[in-house]
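The structure appears below as structure tokens.
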Amino acid sequence: MPAIKKNISFDEKVAAEIINQAKVCFLALSENGKPYNVPMNFGYEPGYFYLHTGPGGKKLEVIKQNKYASIAISIDEKLHFRNENMACSYSMLYKSVVADGEIEFIEENEEKARILNIIMKQYTRKDNYVYGQPSLDNVIVFKLKINQISSITRIFG
């Protein structure tokens, strides 16, 4: 039976290969020392994750208390086992990315539109959408400036 190979990398280019295939990220925040985690749509370019939300809500309250956050992504999950009758022979194959950094809010509508197009490109591969003024005025756009990033690929090797 082939061996499982685990590769850990701190190279953002390696992480980007995983990020570009992902559909959801998990934004981890801390509220008064308690964890708060929320799945979100996202966009990415080297050095930054981009996110958006409507006005109000818990995540914005938490971010205003503590702008330091973490993002986690996982793709290609597959259950693997060597003996289906032995629980300890089971494991998971996957590719994942974890990044941390500080969140910055985007205020200018021109920059919001640019970032929203980066987010849309993650899902549609198009980045030339047009946004109305009311939409830009009412959306909250923020970025996580990556401080550290790592990826793990756990596959048959």
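The values are calculated or read from the model by the stated rules, or taken from the named source; none is laboratory data. These numbers come from a predicted model, not from an experiment. As a convention, Cβ positions derive from the backbone with ideal geometry for all residues, glycine included, and neighbour counts pool all protein chains shown.
Hey, does the stretch 52-60 have a residue that's touching a helix residue (DSSP H, G or I) at 6+ places or on another chain (Cβ under 8 Å), farther than 30 Å from Ala3 by Cα, of a type outside the set (S, T, N, Q) and in a loop (DSSP other than H, G, I, E, B)? Yes - at least one qualifying residue is present in the stretch 52-60.
Where residues in the stretch 96-133 are of a type in the set (Lys, Arg) and assigned to a helix (DSSP H, G or I), which of them is surrounded by the most Cβ atoms within 10 Å (Cβ to Cβ)? Talk me through it step by step, then tell me what you get.
Pass one, the stretch 96-133, residues of a type in the set (Lys, Arg): 112, 114, 121, 125-126.
Subsequent filtering for residues that are assigned to a helix (DSSP H, G or I) retains 112, 114, 121.
On the way: Lys112: 21, Arg114: 15, Lys121: 17.
My answer is Lys112.
Taking the stretch 22-45 as the range and being surrounded by 15 or more Cβ atoms within 10 Å (Cβ to Cβ) and under 15 Å from Phe142 (Cα atoms) as the test, the residues that pass are Cys25, Phe26, Leu27, Ala28, Leu29, Val38, Met40, Asn41, Phe42, Gly43, Tyr44. When restricted to residues that are closer than 19 Å to Lys95 by Cβ and part of a loop (DSSP other than H, G, I, E, B), the stretch 20-40 contains 5.
Kindly check whether there is at least one residue in the stretch 127-136 that is of a type in the set (Phe, Trp, Tyr) and either closer than 23 Å to Asn32 by Cβ or modelled with pLDDT of 95 or more (or both). Before you say what the answer is, go through the steps one by one.
First, the residues of the stretch 127-136 that are of a type in the set (Phe, Trp, Tyr): 129, 131.
Keeping just the survivors that are either closer than 23 Å to Asn32 by Cβ or modelled with pLDDT of 95 or more (or both) gives 129, 131.
Within the stretch 127-136, one or more residues are of a type in the set (Phe, Trp, Tyr) and either closer than 23 Å to Asn32 by Cβ or modelled with pLDDT of 95 or more (or both).
Residue count for the stretch 1-27, restricted to those that are among the hydrophobic types (A, V, I, L, M, F, W, C) and more than 23 Å from Lys121 (Cα to Cα): 5.
If you go through the stretch 62-95 and pick out every residue that is aliphatic (A, V, I, L, M), in a helix (DSSP H, G or I) and either surrounded by fewer than 16 Cβ atoms within 10 Å (Cβ to Cβ) or touching an Asp or Glu at 6+ places or on another chain (Cβ under 7 Å) (or both), you end up with 2. Pairs meeting the criteria (first residue in the stretch 11-25 and on the phi < 0 side of the Ramachandran plot and in contact (Cβ under 8 Å) with a residue 60 or more places away in the chain, second residue part of a loop (DSSP other than H, G, I, E, B) and surrounded by fewer than 14 Cβ atoms within 10 Å (Cβ to Cβ), beta carbons under 7 Å, at least 6 apart or on different chains) are Glu12/Pro46. Scanning the stretch 134-157 for residues that are in a helix (DSSP H, G or I) and not small (Gly, Ala, Ser), we see that the one that is nearest to Ile18 (Cα to Cα) is Leu136. For Glu77, the conditions (1) touching a strand residue (DSSP E or B) at 6+ places or on another chain (Cβ under 7 Å); (2) in contact (Cβ under 8 Å) with a residue 40 or more places away in the chain all hold with the exception of (2).
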